[in-house]
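Enquirer: Below you will find the structure I want to go over with you.
The values are calculated or read from the model by the stated rules, or taken from the named source; none is laboratory data. Keep in mind the model is a prediction, meaning the values are calculated, not measured. With ideal geometry, Cβ positions are generated from the backbone for all residues, glycine too; neighbour counts draw on all protein chains shown.
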Amino acid sequence: MRIRCPKCGAEWDTKGRIGFRDECPECAAYLHTCINCRHFDAATGGCRIPTTDPVHDRRGQNFCEEFEFGVGSPEAEAEAEAEERPSAEEARRQFENLFRDSDT
């Protein structure tokens, strides 16, 4: 199976399931996390499987038996994009720069 790291974007082939302690070979990010699972629902921040135990750190390593690698799903992509958005202060500064006079 070909997978892509949601943190650095590195791609590689893997055999079998993602283990509890598996890491990206490029950036050492844990792969067995809620946001990498196809059952993760970014809209609610939880799991679509109602019988799973709650996980407090969605980006941290977990030991969920229901985990299925699913990066590339719309939910995982939306979660990754949300991390890349500028802070409110940075966004405001960029907006104000749009209307600055280029002569000054």
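Enquirer: Of all residues being part of a loop (DSSP other than H, G, I, E, B) and not polar (S, T, N, Q) in the range 34-44, which is nearest to the chain's Cα centre (by Cα)? Just the residue, please. Spell out how you get there, then give the answer.
Expert: Residues of the range 34-44 part of a loop (DSSP other than H, G, I, E, B): 38-39, 42-44.
Narrowing further to those that are not polar (S, T, N, Q): 38-39, 42-43.
Working: R38: 11, H39: 13, A42: 10, A43: 13 Å.
Here the answer is A42.
Enquirer: Quick check, is I35 at pLDDT 85 or above and in contact with a Leu (Cβ under 7 Å, 6 or more places away or on another chain)?
Expert: Numbers: at pLDDT 85 or above: yes; in contact with a Leu (Cβ under 7 Å, 6 or more places away or on another chain): no.
For I35, the condition - at pLDDT 85 or above and in contact with a Leu (Cβ under 7 Å, 6 or more places away or on another chain) - is not met.
Enquirer: Can you name the number of the only condition in (1) more than 23 Å from C8 (Cα to Cα); (2) under 17 Å from the mean Cα position of the chain (by Cα); (3) at pLDDT below 90 that C47 fails?
Expert: Single failed check for C47: (3).
Enquirer: Return the residues of the range 58-104 that are touching a strand residue (DSSP E or B) at 6+ places or on another chain (Cβ under 9 Å), assigned to a loop (DSSP other than H, G, I, E, B), modelled with pLDDT under 85 and on the phi < 0 side of the Ramachandran plot; say none if nothing qualifies. Spell out how you get there, then give the answer.
Expert: Initial filter on the range 58-104 (touching a strand residue (DSSP E or B) at 6+ places or on another chain (Cβ under 9 Å)): 58-62, 64, 66-73, 75-77, 79-80.
From what is left, the residues that are assigned to a loop (DSSP other than H, G, I, E, B) are 58-62, 64, 66-68, 70, 72.
With the extra rule that they be modelled with pLDDT under 85, the set shrinks to 70, 72.
Correct list: G70 only.
Enquirer: Something else about it: Taking interchain pairs and intrachain pairs at least six residues apart, which have beta carbon atoms under 8 angstrom, with the first residue in the range 44-55 and under 20 Å from F69 (Cβ atoms) and the second buried (at least 16 other Cβ atoms within 10 Å of the Cβ) and of a type in the set (F, W, Y)?
Expert: So the pair list comes out as G46/F40; C47/F40; R48/F40.
Enquirer: Starting from the range 1-12, take each residue that is more than 15 Å from C37 (Cα to Cα) and part of a strand (DSSP E or B) and list its partners that are modelled with pLDDT under 80 and charged (D, E, K, R), counting only C-beta distances under 7 angstrom and pairs at least six apart or across chains.
Expert: E11/R2
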